[in-house]
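The values are calculated or read from the model by the stated rules, or taken from the named source; none is laboratory data. Because the structure is predicted, anything quoted here is derived from the model rather than measured. Glycine gets a Cβ as well: all are built from the backbone with ideal geometry, and neighbour counts include every protein chain shown.
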Amino acid sequence: MSTREMTDDQIRTAVQERYAYAAQRSLLASDSGCCSGSSCCGEDGKTQAIDPITSGLYDEADTPFDAALAASLGCGNPTALAELQPGEDVLDLGSGGGLDVLLSARRIAPGGTAYGLDLTPQMLDLAERNRVEAGVENATFLLGSIEDVPLPDEAVDVVISNCVINLSPDKDAVLREAFRVLRPGGRFAVADIVLLRPIPDGLRAVMALWTGCITGALLDDDYVAKLSAAGFTDAAVEVTRRYDTAALEAMADQLDPSQLPDGMTLSEAVAALDGAFASAFIRASKPGSRA
């Protein structure tokens, strides 16, 4: 099945199932006293210490929320990128286990509220548990789609996200919603996976790769163009981490060879993706001045 033949609902269901499983693993690990990290490119036992996408993103001395850190699925640190200030309101699109929401809540206190939005009820349960254990009061977690944000117009000053927008089958809708909920002068500051060059159509058809955040990614130039089309200004992509053959080989065992295009071996898939994608910071602004 090609990517074009996948319906939006099929993609959302696959993503939701993958992350529900990751959340359940984290909850079970927490209950048993074990650490079980996972990333957007490998939930099957890949911890932050060895995952080439999730490793080294946060200063652990500045990240006291151990359970949320262990469940982090990101590819960057948008809370650092956003330069959050006390009194600001923040929305995290696809908040997962809640790490970036909890870090944001601490930075915007007093006076600010951090909202976390996620499609997966199991992730919201995990995030709420982490919030309570961390003793954070100015954070709220919402169930919903990042393509249809359950907040009113001009509700927040900053929109962040961490390796989630690439998973959406309708990125134009996501960016329009981000623009809608931002106040004039608001900031869009996300970490995401971007493509640096086109990849074979056959690899885009592999659902495991889509839900693993590689083949759902936009080309860097397309990301900027879509932000501009949504109304943003000063849109820019800054590559923060490139993935070469060694990194891809470290992730290769997460792929089922039977899901690859007919006749393609795992080593050929690695070669096709070598240098094709990267983690990046994506920035943009909503025109206007803050009240």
Self-check item: Which listed residue is part of a strand (DSSP E or B) and at pLDDT 95 or above, from ARG180, ARG187
Solution: ARG187
Exercise. Pull up the stretch 163-174, narrow it to residues that are under 19 Å from GLY96 (Cα atoms) and in contact with a strand residue (DSSP E or B) (Cβ under 8 Å, 6 or more places away or on another chain), then point me to the one that is surrounded by the most Cβ atoms within 10 Å (Cβ to Cβ).
Key: VAL164
Self-check item: So ILE214, is it touching a Ser or Thr at 6+ places or on another chain (Cβ under 9 Å), more than 20 Å from THR79 (Cβ to Cβ) and modelled with pLDDT under 85
Solution: no
Practice problem: For residues that are among the small types (Gly, Ala, Ser), crowded, with 24+ Cβ neighbours inside 10 Å and over 12 Å from the mean Cα position of the chain (by Cα), tally how many sit in the stretch 86-115. | Solution: 3
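Within 23 Å of GLY87 (Cβ to Cβ), among the hydrophobic types (A, V, I, L, M, F, W, C), surrounded by fewer than 23 Cβ atoms within 10 Å (Cβ to Cβ) and touching a strand residue (DSSP E or B) at 6+ places or on another chain (Cβ under 9 Å): does that describe LEU124?
no
Is at least one residue of the stretch 234-247 farther than 30 Å from GLU88 by Cα and small (Gly, Ala, Ser)? If you could, list the steps in order and put the result at the bottom.
As a first pass, look at the stretch 234-247 and keep what is farther than 30 Å from GLU88 by Cα: 242-247.
Adding the requirement that they be small (Gly, Ala, Ser) leaves 246-247.
Yes, there is a match, as at least one residue in the stretch 234-247 is farther than 30 Å from GLU88 by Cα and small (Gly, Ala, Ser).
So, in the stretch 145-155, how many residues would count as being surrounded by 15 or more Cβ atoms within 10 Å (Cβ to Cβ) and within 19 Å of the chain's Cα centre (by Cα)?
4
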Exercise. Filter the stretch 235-263 down to residues that are under 30 Å from GLY185 (Cα atoms) and aliphatic (A, V, I, L, M) and give me whichever is modelled with the lowest pLDDT.
Key: VAL239
Quiz item: Quick one: how many residues across the stretch 252-277 are under 18 Å from ASN166 (Cα atoms) and assigned to a helix (DSSP H, G or I)?
Solution: 1
